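The block underneath contains the structure these notes are about, expressed in structure tokens.
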Amino acid sequence: MDKILQIIPAPGYKAVFDRSEEGDYENVEVEDILGETDSRLLILPVVFFALVKGKIPRTGMEETRIVGVYLDPDYGYLELCERGDGRVVYAGRLLGYLPPEAGEGLRLLDNFRWITAARIDARFVDEQAWKSLTWRKEAADESVECI
């Protein structure tokens with residue numbers, strides 16, 4: 001069981017979760033990958049960061065780490081963004097944290113969208129939809145460089 005040792009304020013930080021299940025991608029043709037991805041992403045404000053001590057599963061060794069804590073919107077209780085004790089995080093798989101700075105946060109959010117759209121190794125993405133998506137991203141990147 002994870003034990004909170006210290007609380008560290010985190011004004012403005014947000015946690016990004018991927019709410020998809022592992023089997024959701026199989027045999028599904030997708031027209032708009034980023035649209036589907038945005039519907040799977042869940043962004044929650046981080047209430048605070050916590051210095052957490054817990055045992056590493058299957059080893060028995062203890063570790064200390066810093067973990068974000070959010071208020072669960074469905075159940076109304078504080079929950080670690082990423083648990084080290086094997087318990088389920090209902091928000092989804094933690095992709096990472098968005099900092100309070102607007103510019104950097106938006107760039108990171110775009111990275112999270114692409115990571116989720118790629119489904120890590122693109123095994124479950126319809127090839128035509130993926131080509132269409134990457135073509136749009138390359139075109140957008142080129143237009144940004146011209147500015």
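Every number in this text was worked out from the coordinates using simple rules, so none of it is lab data. Values in this document were obtained by computation on a predicted structure and should not be read as measured data. Cβ coordinates were reconstructed from backbone atoms using ideal geometry, including for glycine residues, and neighbour counts include every protein chain displayed.
Values as computed for the structure displayed
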{"quantity": "Loop chymotrypsin sites (Phe, Trp or Tyr not before Pro), the stretch 28-107 (other Cβ atoms within 10 Å of the site Cβ: 11 or fewer; DSSP)", "calculated": "Tyr75, Tyr77"}
{"quantity": "Two-decimal Rg/Rh across the stretch 53-120, once Rg and the Kirkwood Rh are taken from alpha-carbon atoms", "calculated": "1.03"}
{"quantity": "Interchain or long-range residues, amide H under 5 Å from Val46's placed H", "calculated": "Tyr13, Lys14, Ala15"}
{"quantity": "Projected label distance in nm at Glu62 and Arg87, using a 7 Å step from Cα toward the beta-carbon", "calculated": "1.9"}
{"quantity": "Residue-span extension gain [Lys131 to Ile4] - 0.36 nm each, minus C-alpha spacing", "calculated": "41.2 nm"}
{"quantity": "For the stretch 36-48, 3J(HN,Hα) per residue [Karplus equation, 6.51 cos²θ - 1.76 cosθ + 1.60, θ = phi - 60°, Hz, x = Gly/Pro]", "calculated": "5, 4, 4, 6, 8, 6, 10, 10, 10, x, 7, 6, 6"}
{"quantity": "Partners for Lys131 among lysines (Cα-Cα distance below 24 Å; same-chain residues under 8 apart left out)", "calculated": "none"}
